[in-house]
Amino acid sequence: MELNWTTFVLEIINFLVLLWILKRFLYRPVLQALHKRQQTIQQQLDKAAQLEAHGMELEQQYHNRMESWQREKQQARDVLHREIDAERIKKLADLEQELAGEKAKAAVIEQRRKAEMQQLCQHSAHQQGARFAAKLLSAVAGPEVERQLVDFLIQSLDQLEETQLVELRDNCAAAESICAATSAFALSDSQKQLLKDKLQTICQQPIQLEWHEDLALIAGLRLTIGALVLQLNVANELKGFADLSHDHRTN
Amino acid sequence: MQQTSLDINTLFALGPVSITTTVVTTWIILLALGLLCWLLTRRLADRPQTLQTALEALVTAIENAVADVAPQQATLLTPFIGGLWIFLVINNLSGLLPGVHSPTRDLSATSALAIIVFLSVHWYGIRIQGLKQYLAHYLKPSPILLPLHIISEITRTVALAVRLFGNMMSLEMAALLVLLVAGFLAPVPILILHIVEALVQAYIFGMLALVYVAGGIQSQQLKQQRAELKKE
């Protein structure tokens with residue numbers, strides 16, 4: 001345990017050399033690396049802070065925009081609801097109106113159908129009545145009925161109006177005074193002469209009558225003067241009766 | 001070099017300069033430390049691997065320990081205090097190697113370190129405060145205390161040197177005695193105690209040096225702050 005001055009001095013020098021070595025090869029590079037990393041981390045932190053601030057700003061903008069969109073959406077929804085309500089009311093009104101129209105149309109159709117059915121029934125009844133009357137009259141009609149009908153015709157000719165008389169005369173002239181008289185039964189000579197005289201009086205010209213017989217007339221007479229045909233017979237009356245119901249139905 | 005001897009042997013002499021085992025061991029440690037530091041720090045990456053992380057952790061731990069005592073002078077004092085810790089730890093633990101004696105069991109080496117600490121206290125104090133103001137603090141609070149200040153400076157320096165020397169010397173002696181008396185495996189607990197003691201003594205030496213240096217600097221700074229407060 002003695003102090004060696006050479007060792008003492010050399011140890012001092014050694015320690016100073018050690019300090020230089022450590023400072024040169026340990027502290028400086030390590031601290032520089034740490035400082036560089038701290039700077040990098042600080043830059044990243046600053047960048048992250050900027051990004052966070054930017055993100056917060058964007059988030060705020062997003063929230064504001066979302067709120068604005070919500071308000072606009074609510075307004076649009078309210079408008080849409082109002083429009084839907086108005087459209088529904090309008091559609092309901094139109095539907096009710098259309099329904100009323102359809103009801104009226106259905107009522108008209110039903111009424112028409114009933115009327116047609118009624119007319120059909122009437123026509124059928126007329127037809128049946130005409131057939132019944134024709135069968136009945138065919139059974140009971142005879143020369144006596146025909147004679148009465150001819151007499152009635154002669155009397156009716158006196159009651160023609162002036163226009164009818166003019167038309168009768170014109171047709172007679174056009175037929176060159178040749179007329180045809182068709183009866184179901186043969187007429188008596190007196191009736192033939194009486195009818196001829198009457199026609200000549202009315203037409204104011206001599207007339208040549210051609211006599212025919214047709215049982216289809218049942219009873220009565222048919223006068224053909226040119227284009228004019230005067231009917232006073234049972235068959236024609238029955239036909240007119242039946243046609244009357246048909247004309248009425250078609251009208 | 002005899003393994004059973006506790007004396008400091010002289011390996012060779014260059015004229016009047018005798019080179020002892022302590023000096024040679026210290027050179028080897030310096031060489032190994034320099035090579036190791038160069039290898040570890042030549043390729044420092046931004047993304048550190050295990051070794052770099054450990055190295056950075058060591059430097060950061062030293063800096064934090066210094067900053068705990070002297071926060072304002074941490075950057076200035078870290079190389080010196082860190083150098084003391086690293087040097088003493090390796091020096092103390094080198095005694096565990098077969099055929100190698102710890103340089104710190106040599107009073108010349110521990111005295112050299114103690115003198116360095118003594119000079120460093122004044123160097124840092126004068127560097128920061130200036131020579132006049134630094135010397136003035138020996139006269140405060142009263143010039144009567146100047147002898148006590150001087151005695152304190154000398155005794156704590158001697159205590160630094162003797163404490164480290166005594167502990168390391170006694171450890172090696174105890175290990176040698178146990179080995180001579182008990183046999184081959186009996187010194188193992190003593191060797192474990194050697195490791196702990198080596199770390200503790202290195203820490204104590206470095207921490208005391210830090211406290212001495214920081215105490216001188218901060219006492220001056222406290223007085224300056226008080227004076228500035230009075231002026232305001």
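The values are calculated or read from the model by the stated rules, or taken from the named source; none is laboratory data. Note that the structure is predicted; figures quoted are calculated from it, not measured. All Cβ positions, even for glycine, are placed from backbone atoms using ideal geometry, and neighbour counts span all protein chains on display. To get the accessible areas, we keep the full protein, side chains included, count just its heavy atoms, and leave off ligands, DNA and RNA. Shrake-Rupley method; radii C 1.70, N 1.55, O 1.52, S 1.80 Å.
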Is at least one residue of the stretch B:148-160 more than 23 Å from the chain's Cα centre (by Cα), part of a helix (DSSP H, G or I) and either more than 13 Å from every other protein chain (Cβ to nearest Cβ) or among the charged types (D, E, K, R) (or both)? yes
Odd one out for residue A:38 among (1) within 30 Å of residue B:77 (Cβ to Cβ); (2) within 60 Å of the chain's Cα centre (by Cα): (2)
Do we have any residue at all in the stretch B:115-122 that's of a type in the set (A, V, I, L, M), more than 7 Å from chain A (Cβ to nearest Cβ) and over 14 Å from the mean Cα position of the chain (by Cα)? no
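Among B:11, B:30, B:93, which is the only one that is open to solvent by 40 Å² or more (accessible area, probe 1.4 Å) and free of Cβ contacts under 8 Å to residues at least 24 places away in the same chain?
Working: B:30 fails: open to solvent by 40 Å² or more (accessible area, probe 1.4 Å); B:93 fails: free of Cβ contacts under 8 Å to residues at least 24 places away in the same chain.
Every option except B:11 fails the conditions.
Listed here are the residues, each with its yes/no results for (1) within 14 Å of chain B (Cβ to nearest Cβ); (2) at positive phi; (3) not charged (D, E, K, R).
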position: A:2; (1), (2), (3): yes, no, no
position: A:13; (1), (2), (3): yes, no, yes
position: A:22; (1), (2), (3): yes, no, yes
position: A:31; (1), (2), (3): yes, no, yes
position: A:35; (1), (2), (3): yes, no, yes
position: A:53; (1), (2), (3): no, no, yes
position: A:56; (1), (2), (3): no, no, yes
position: A:61; (1), (2), (3): no, no, yes
position: A:65; (1), (2), (3): no, no, no
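Looking only at the stretch A:183-192, decide whether some residue is part of a strand (DSSP E or B) and within 11 Å of residue A:150 (Cβ to Cβ).
We begin by selecting, within the stretch A:183-192, every residue part of a strand (DSSP E or B); these are A:183.
Among the residues that remain, those that are also within 11 Å of residue A:150 (Cβ to Cβ) are: A:183.
Within the stretch A:183-192 (the criterion being part of a strand (DSSP E or B) and within 11 Å of residue A:150 (Cβ to Cβ)), the answer is yes, since at least one residue qualifies.
Which residue, of A:70, A:44, is more than 14 Å from chain B (Cβ to nearest Cβ) and polar (S, T, N, Q)? Working first, answer last.
Values: A:44 fails: more than 14 Å from chain B (Cβ to nearest Cβ).
None of the other options fit; the residue is A:70.
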Selected residue (only one of A:136, A:95 is open to solvent by 70 Å² or more (accessible area, probe 1.4 Å), of a type outside the set (S, T, N, Q) and within 30 Å of residue A:189 (Cα to Cα)): A:136
Going through (1) surrounded by 12 or more Cβ atoms within 10 Å (Cβ to Cβ); (2) over 22 Å from residue A:242 (Cβ atoms) one by one, residue A:127 fails only at (2)
Yes or no: the stretch A:50-73 includes at least one residue that is hydroxyl-bearing (Ser, Thr, Tyr) and either touching a residue at least 60 places away in the same chain (Cβ under 8 Å) or open to solvent by 70 Å² or more (accessible area, probe 1.4 Å) (or both). yes
Just to be sure, is residue A:229 among the β-branched types (Val, Ile, Thr) and in contact with a strand residue (DSSP E or B) (Cβ under 8 Å, 6 or more places away or on another chain)? yes
Scanning for something assigned to a helix (DSSP H, G or I), within 11 Å of chain A (Cβ to nearest Cβ), open to solvent by 30 Å² or more (accessible area, probe 1.4 Å) and closer than 19 Å to residue B:127 by Cβ, does the stretch B:49-58 turn up at least one residue? no
